[in-house]
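Below is one structure, written out as structure tokens, with a few remarks after it.
Read-outs throughout are calculated quantities, based only on the coordinates presented, and are distinct from any laboratory measurement. Note that the structure is predicted; figures quoted are calculated from it, not measured. Cβ sites come from the backbone with ideal geometry, for glycine too, and all protein chains shown count toward neighbours.
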Amino acid sequence: MALKIRIGSRPSKLAIAQASIVRDRLAAHIPAEIEIIEIRTSGDKMTSASLADVGGKGLFIKELEQALADHTIDLAVHSVKDLPAILPEQFRVASVPVREDTADILVTRDGSSLSALAAGARLGTSSSRRRFQALKVNPTLVISPLRGNVDTRLARVADGTFDAIIIAIAGLKRLGRVKDVKFVELDSRDFIPAGGQGALAIETLADRRGDELDRALAAINDARAFYETAAERAFLATIEASCTTPVGVRARINGDTLAVAAMLFSPDGSRELMDSIKEPLATDFAPTYAEDSGKRLAEKMLARGAAAILGK
């Protein structure tokens, strides 16, 4: 009897596209019947409320983790940036496939740059990080909340509700929509992305180790992506970031060096703090070394007053 693997995914087009990437890569390493099971999460049901008001990013994974615990699914596919920085002990990130582009982009009807947007232009984003980063570049913008799937967000520009929106390019690339819109890539020095942006996390039960599926998950794991996101998540855990914390962090492997850069703001955006570190890369790509690097950057910024800036 063929092995059956059940992949849990949110039902959006992007989530299914991401689960399909994992399915196809697993199929190359394990002879199995692989099924994607759509699971509507609390976050999918609450399309208008602010995440901060209804429970945060955990709403996008709660039902998927319950399905793992109930053995309804064998693994769940998430965007890394949707995961809390610290998972319950019952679960683990078993694999992080090759990472997509981490850039934020500005989508407009005519391809304008952020600085070229007219005074009073309406910019859509529900990310406090993106809000404050955008206002640094163009303080004349009027920024309003934006939620919904990729199609919904793009439609808000097309119908004139917004003059521009900021989204991650990774979603457009995975959906094959890059050629459908006019955009400019935002400078990563001004727009350090959310921790985990562009990366997928394959979550399993923590005690699922050593079986055929675990070996296949190891085969599709990208050591670079796993290492970088481990550093980013450790940084977020150390500063005790929540879904509402206006913070960006990006770890990047350059040769034999790991560089980690972060930017954070006060809740009202009036104060900011940026810092970075460069450290030798662990020769065996052990994620604990990456986590240590992320923690060291966080501790460096906390020593410079990050907690007070964040209002903690």
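Here are a few things to note about the model shown:
- Whole-Å semi-axes of the ellipsoid equivalent to segment 156-248 (Cα gyration tensor, √5λ, descending): 31, 19, 12
- Pairs from K13/K179; K81/K179; K62/K295; K136/K173 whose Cα-Cα separation, in the structure shown, is over 19 Å: K81/K179; K62/K295; K136/K173
- For the chain, the alpha carbon convex hull comes to 132 Å³ per residue, rounded to a whole number.
- Result for the chain in a Gaussian network model with C-alpha springs under 10 Å: among A237, A164, A27, the largest mean-square fluctuation is at A27.
- Considering only beta bridges that DSSP places wholly inside segment 104-185, some 65 percent are antiparallel.
- In Hz, Karplus ³J(HN,Hα) per residue of segment 106-114 (6.51, -1.76, 1.60; θ = phi - 60°; x = Gly, Pro): 9, 9, 9, 7, 10, x, 5, 7, 5
- For the chain, a Gaussian network of Cα nodes joined below 10 Å ranks D104, D159, D214 by mean-square fluctuation, and the top entry is D159.
- Distance in nm between pseudo-label sites at R147 and D24 (7 Å out along the Cβ direction from Cα): 3.1
- Estimated FRET transfer efficiency (N254, K136; beta-carbon r; R0 22 Å; 0.05): 0.30
- Under a Gaussian network description of the chain, with springs only between Cα atoms under 10 Å, the residue in E240, E232, E89 that fluctuates furthest is E89.
- With Cα atoms as the point set, segment 182-295 shows a radius of gyration and Dmax of 15.7, 52 Å.
- For segment 104-185, the average shadow cast by the Cα convex hull is 4.6 nm², which is a quarter of the hull's surface.
- Anchor K278: aspartates and glutamates whose Cα lies under 15 Å away (excluding residues fewer than 8 positions away in-chain): E228, E232, D256, E291, D292, E299
- Restricting attention to segment 53-169, close to 50% of DSSP beta bridges with both partner residues there are antiparallel.
- Segment 93-224, dipole about Cα centre (Lys/Arg Cβ +1, Asp/Glu Cβ -1), debye to the nearest 20: 360
- Cross-link partners of K182 among aspartates and glutamates, defined as those whose alpha carbon lies under 19 angstrom from its own and excluding same-chain residues fewer than eight positions apart: D101, D104, D110, D151, D159, D163.
- Between T72 and T161, the FRET efficiency from the beta-carbon distance, with R0 = 35 Å, is close to 0.35.
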